[in-house]
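Worksheet: one structure, shown below.
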Amino acid sequence: MKIFLDTANIEEIKQAARIGVISGVTTNPSLLAKETGIGFEEAVREICAMVDGPVSAEVTSLDAEGMVREAMEIATWARNVAIKIPITASGLEATRKLSVEGVRTNLTLCFSPNQALLAALAGATFVSPFVGRLDDVGHDGMQVVADTVEIFRNYGIQTEVIAASIRHPLHVTAAAKARAHIATVPFKVLMQMIQHPLTDAGIKKFMEDWGKFVGMSA
Ligand code: E4P
């Protein structure tokens, strides 16, 4: 399973890219709203230059024509951009048109396997079931990921499943066990995945013992 970073924060992307484990980035209007002093186009261009893999940038039109117009413009900003489109009738119509044009899409705000299936049938490159937001309302978000992956495998559907709205490291493990192609994780969760108190304690002990060894052999 690949890991994408779910943020529009340039510093976080820089740090994660340096570590070398992320294969893409997802943004949305709410994530962009947390960043100050940078415009949409500038942010998308800068992020696309920082990672090789797909960078999802969301359209804000609600009608198909507007979505396609925005998407075609955004697609000129960088070769690795993917257009994020909400799963609505207009979103599916726009996705079909964009797929014919060869523009990559990430169908977002997905909350059911049926929505995911429709996204795939419309020609989506990626579909993003929102795990955390489903959990928040008492549903099993990861089951939507697992069901979607199973359905796609049943029919050899090429659309990749991104487990989104990830809230903690256990979500990432569960997404990998459910065979999601990708999990898009907030920077905080990426850091939590790296850390383990036994790793820290182990390094401390090794350093103490190394000091003793160097002291003895000096
Ligand atoms: C995914 O692409 C979305 O940007 C994101 O995962 C939404 O997460 P949230 O539910 O924490 O806002």
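Of note:
- Folded to 0 to 90 degrees: helix 141-154 orientation relative to the chain principal axis, Cα: 70
- Per-residue ³J(HN,Hα) for the range 122-127, Karplus 6.51 cos²θ - 1.76 cosθ + 1.60, θ = phi - 60°, Hz, x for Gly and Pro: 6, x, 5, 6, 10, 9
- Computed [θ] at 222 nm, deg cm²/dmol, the chain (DSSP H ≥ 4; -39,500 (n - 2.57); rounded to nearest 500): -16000 deg cm²/dmol
- Long-range HN-HN contacts of CYS110 with modeled amide H, under 5 Å: SER128, PHE130
- Result for the chain in a Gaussian network model with C-alpha springs under 10 Å: among VAL100, VAL161, VAL149, the largest mean-square fluctuation is at VAL100.
- Extended-chain gain in nm, criterion 0.36 nm per residue less alpha-carbon gap, THR199 and THR76: 39.8 nm
- For the range 82-211: relative contact order, % (alpha-carbon pairs under 8 angstrom, 6 or more apart): 18
- Residue among GLY66, GLY138, GLY53 with the largest mean-square fluctuation in a Gaussian network model of the chain, springs linking Cα atoms under 10 Å: GLY138
- In the chain, the longest principal axis of the Cα atoms and the axis of helix 10-19 are about 60 degrees apart.
- Stokes-Einstein D (µm²/s) once Rh is taken as the Kirkwood radius of the chain over alpha-carbon pairs, at 4 °C in 1.567 mPa s: 71
- Mean separation of Cα contacts under 8 Å (6+ apart) over length of the chain, as relative contact order %: 17
- Against the criterion of solvent-accessible heavy-atom surface with a 1.4 angstrom probe, ARG104, ARG79, ARG69 sort, most first, into ARG79, ARG69, ARG104.
- Residue among ILE151, ILE47, ILE74 with the largest mean-square fluctuation in a Gaussian network model of the chain, springs linking Cα atoms under 10 Å: ILE151
- Database remark: amide H of THR26 closer than 5 angstrom to the amide H of LEU5, ASP6, THR7, SER56 (H placed geometrically; neighbours at sequence offset of 5 or more, or on other chains; Pro and chain starts carry no H).
- Ligands, DNA and RNA aside, ASP140 has an accessible area near 90 Å² when probed at 1.4 Å.
- Contour excess over end-to-end distance, with Cα ends at ALA49 and ASP209 and 0.36 nm allotted per residue: 53.3 nm
- Computed accessible area, HIS171, all protein chains, 1.4 angstrom probe, square angstrom: 20
- Scanning residues 5 or more positions from ARG104 or on other chains, those with amide H under 5 Å from its amide H are ILE83, with H placed 1.01 Å from N in the peptide plane.
The values are calculated or read from the model by the stated rules, or taken from the named source; none is laboratory data. What you see is a predicted model; the values in this text were computed from it and never measured. Accessible surface areas use protein heavy atoms only, side chains included; no ligands, DNA or RNA. Shrake-Rupley method; radii C 1.70, N 1.55, O 1.52, S 1.80 Å.
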